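Written out below as structure tokens is the structure these notes cover.
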Amino acid sequence: MALGPHVLLADDGAQTLAADRGHDVSRQWLDDLDEATERDYGDDPRLLPPGDQMVRQLVQCNGLSRAVSEARAQGRFPVIAAGNCHTGIGVVGGLDDPEIGMIWFDAHADANTPETSSNGMFEGMPVAVIAGKCFERWRSKVGGFHVISEDRIITVGNHEVHSPSGRGPGFGAPAIGILVDPPAIAEKGFRDAMRDAVTEIASRVSRVYVHIDTDVIDKGVMSANRHAAEGGLTPEEIVEAVQLIAEQVEILAVNFTAYDPTVDPGAKDILIPLVVDVAEVAASAARTR
């Protein structure tokens, strides 16, 4: 999935499409964040030993936190394309705002903790980390990070557990926050379920981070990665959802994650316009506030 950003942000990718639409775009690659440096560990390299997965992810989150903070300081709207969902922790750090909410689009809850996970996969835990349910000391090392409480989180999608090929609700921890999932959509319809959820969270926050794991898109439309499942959203529904969000709260950053071009090479023709469409809606609304 680390290949996804190289496709989405290639010279003929989202940056060029956005520029063709008249937007001022600056691209920054963060491709030197695999091992800690003195910037990360100070004068004691034993604190962040090389080769460790959690160290590497901490370094990546801190690098992304710095980049998001710098972009916002320059008056730019951060649109991130990242390989994996743990990067959401870094984006929240870069926003450095203890009062924000989060809207998490994903085919999965990503709400496991080490105690609920059957395989220890950290990529199944970022929402739980952000909600303050695990890795307290680790997350405290991410610059600018503040916990986002459950009542300030919306999970959109979470359809894999409801799909015919899904692993079922008992596979991992339940989704966190207000849910816009298949049962809610079946009851209200997508637009009303999304609008009601945003209205509820808008009573508590005025600013949000939007995270879009690309496997929230229905597998019948495209396969973002090997975890894509039936019953997801369409790209048009994602844009509609972002419009509904932007009508009620300010979007501070958008992060697109987990696209693996080796699974469905044609998916880029759907994702590149989607990245730009979402960025246009979110950034234009933010400028008018």
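Data table
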quantity	calculated
FRET efficiency, ASP31 to GLU236 (Cβ-Cβ, R0 25 Å, nearest 0.05)	0.20
Cα convex hull of the stretch 38-116 - mean projected area over all directions, nm²	7.3
Spatially proximal lysines relative to LYS141 (Cα-Cα < 25 Å; intrachain offsets below 8 disregarded)	LYS133
Given charges at Cβ of Lys, Arg, Asp, Glu: the stretch 88-150 dipole, positive-most of ALA128, SER140, ALA107	SER140
Under 27 Å from LYS219, Cα to Cα: lysines that are on another chain or at least 8 residues apart	LYS188, LYS268
Percent RCO, i.e. relative contact order, over the stretch 237-289, from Cα pairs under 8 Å lying at least 6 residues apart	61
Those trypsin sites (Lys or Arg not before Pro) in the stretch 200-250 that DSSP places in a loop and that have at most 16 other beta carbons within 10 Å	ARG204, ARG226
Rounded if a/c under 1.5, otherwise prolate or oblate - the stretch 95-162, Cα gyration tensor axes	oblate
Carbon and sulfur %, accessible surface of the stretch 16-58 computed with the full protein complex present, 1.4 Å	45
Length gained when the stretch ASP196-GLU247 is fully extended (0.36 nm per residue, less Cα-Cα span)	17.1 nm
The stretch 146-224, accessible area per residue, ligands and nucleic acids excluded (1.4 Å, Å²)	40
Over the stretch 32-183, relative contact order from alpha-carbon pairs under 8 Å, at least 6 apart, %	22
The stretch 88-160: relative contact order in percent, alpha carbon pairs under 8 Å with at least 6 residues between	50
Shape category assigned to the stretch 137-289 from the gyration tensor of Cα positions, a/c cut at 1.5	rounded
Viscosity 1.002 mPa s, temperature 20 °C, Stokes-Einstein D of the stretch 194-241 from Kirkwood C-alpha radius, µm²/s	177
Most fluctuating residue given options ILE201, ILE270, ILE103, as computed from a GNM of the chain linking Cα atoms under 10 Å	ILE270
Dipole in debye (nearest 20) - the chain, about Cα centre, beta carbon charges: Lys, Arg +1; Asp, Glu -1	480
Label-point separation in nm, GLU187 to ASP151, each point 7 Å along Cα→Cβ	1.9
The chain: radius of gyration over Cα atoms, expressed as a fraction of 2.2 N^0.38 Å	0.94
Cα gyration tensor category, rounded, prolate or oblate, for the stretch 106-217 with a/c compared to 1.5	oblate
Helix-derived mean residue ellipticity, 222 nm - over the chain, DSSP H n ≥ 4, -39500 (n - 2.57), to 500	-11000 deg cm²/dmol
Carbon + sulfur, % of accessible area of the stretch 131-199 - ligands and nucleic acids excluded, 1.4 Å	51
With at most 16 neighbouring Cβ atoms within 10 Å, loop GluC sites (Glu not before Pro) (DSSP) excluded, longest segment of the chain	116-229
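The values are calculated or read from the model by the stated rules, or taken from the named source; none is laboratory data. Keep in mind that what you see is a predicted model, and the values were worked out from it rather than measured. Using ideal geometry, Cβ is built from the backbone for each residue, glycine included, and neighbour counts are taken over all protein chains shown. Side chains included, ligands, DNA and RNA excluded: accessible areas come from the protein's heavy atoms. Shrake-Rupley method; radii C 1.70, N 1.55, O 1.52, S 1.80 Å.
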